[in-house]
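The values are calculated or read from the model by the stated rules, or taken from the named source; none is laboratory data. Bear in mind that the values here come from a model prediction, so they are computed numbers and not experimental data. Here Cβ is always computed from backbone atoms with ideal geometry, including for glycine, and neighbour counts include all displayed protein chains.
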């Protein structure tokens, strides 16, 4: 088993019409053994941007703290909020910098650009980015997530429809993956603000 699959994770970013959503499961496990159901994998970086970190739990927390520090340093020096495009470039650089002893995480970044359009980006553990305008997934049940999103995603969804779609995609996918699930959290970002909701998942 890959070290990336040791703790289990399932994360989706999905684009709507002038809105974007990110959803993640909350299971923390040691391979097949479930330890907790409230582990945070998605982190708010600004009022218009989130990052999701799937992979080894210790590296998830280390990278999250390092990103928060670099983000605060940037805002102090530049006196402005970092844009999602700049943030994904920073994250990609940080991961590639450690390529010979990498962080075992596969991040996804989602946010709103200045014009209100969605920004989605996914990376591997050494920071090779992929940019998309529909959805991006990460974690141990990537094939399931890809299949569900491919069949359910539609362009120009409103925030409520986007929430329903991303929730159903995540819950249906983790049912077929023993390493993820056990509850989920969904954040929907719109120009007006952020809506966060918790979902109940199967616990068996």
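The residues of the stretch 156-168 that are out of contact with any helix residue (DSSP H, G or I) (no Cβ under 7 Å at 6 or more places or on another chain) and free of Cβ contacts under 8 Å to residues at least 60 places away in the same chain, listed by number, are 160, 164.
Checking each residue in the stretch 91-101 for being in a helix (DSSP H, G or I) and either touching a strand residue (DSSP E or B) at 6+ places or on another chain (Cβ under 7 Å) or over 12 Å from residue 123 (Cβ atoms) (or both) picks out 91, 92, 95, 97.
Being modelled with pLDDT of 95 or more and surrounded by fewer than 23 Cβ atoms within 10 Å (Cβ to Cβ) holds for only one residue in 108, 130, and it is 130.
If residue 180 satisfies every condition in (1) touching a strand residue (DSSP E or B) at 6+ places or on another chain (Cβ under 7 Å); (2) surrounded by 14 or more Cβ atoms within 10 Å (Cβ to Cβ); (3) farther than 24 Å from residue 2 by Cβ but one, which is the exception? Every listed condition holds for residue 180 apart from (3). Return yes or no: is residue 16 surrounded by 24 or more Cβ atoms within 10 Å (Cβ to Cβ) and on the phi > 0 side of the Ramachandran plot? For residue 16, the condition - surrounded by 24 or more Cβ atoms within 10 Å (Cβ to Cβ) and on the phi > 0 side of the Ramachandran plot - is not met.
If you go through the stretch 19-48 and keep only what is crowded, with 24+ Cβ neighbours inside 10 Å and touching a helix residue (DSSP H, G or I) at 6+ places or on another chain (Cβ under 6 Å), you end up with 19, 21, 23, 25. With respect to residue 171, determine if the residue is in a helix (DSSP H, G or I), more than 12 Å from residue 21 (Cβ to Cβ), in contact (Cβ under 8 Å) with a residue 24 or more places away in the chain and within 14 Å of the chain's Cα centre (by Cα). Spelling it out, it is not the case that residue 171 is in a helix (DSSP H, G or I), more than 12 Å from residue 21 (Cβ to Cβ), in contact (Cβ under 8 Å) with a residue 24 or more places away in the chain and within 14 Å of the chain's Cα centre (by Cα). Considering every residue within the stretch 75-90, establish whether at least one is surrounded by fewer than 24 Cβ atoms within 10 Å (Cβ to Cβ), without any contact (Cβ under 8 Å) to a residue 60 or more places away in the chain, assigned to a loop (DSSP other than H, G, I, E, B) and at positive phi. For the stretch 75-90, residues surrounded by fewer than 24 Cβ atoms within 10 Å (Cβ to Cβ), without any contact (Cβ under 8 Å) to a residue 60 or more places away in the chain, assigned to a loop (DSSP other than H, G, I, E, B) and at positive phi: present. Residues that are surrounded by fewer than 23 Cβ atoms within 10 Å (Cβ to Cβ) and either within 16 Å of residue 186 (Cα to Cα) or touching a residue at least 60 places away in the same chain (Cβ under 8 Å) (or both) within the stretch 133-143 comprise 133, 134, listed in sequence order. Scanning the stretch 1-47 for residues that are touching a residue at least 12 places away in the same chain (Cβ under 8 Å), in a strand (DSSP E or B), more than 15 Å from residue 194 (Cβ to Cβ) and over 11 Å from the mean Cα position of the chain (by Cα) yields 15, 28, 29, 30, 34. With respect to residue 62, determine if the residue is surrounded by fewer than 19 Cβ atoms within 10 Å (Cβ to Cβ) and in contact (Cβ under 8 Å) with a residue 12 or more places away in the chain. Yes.
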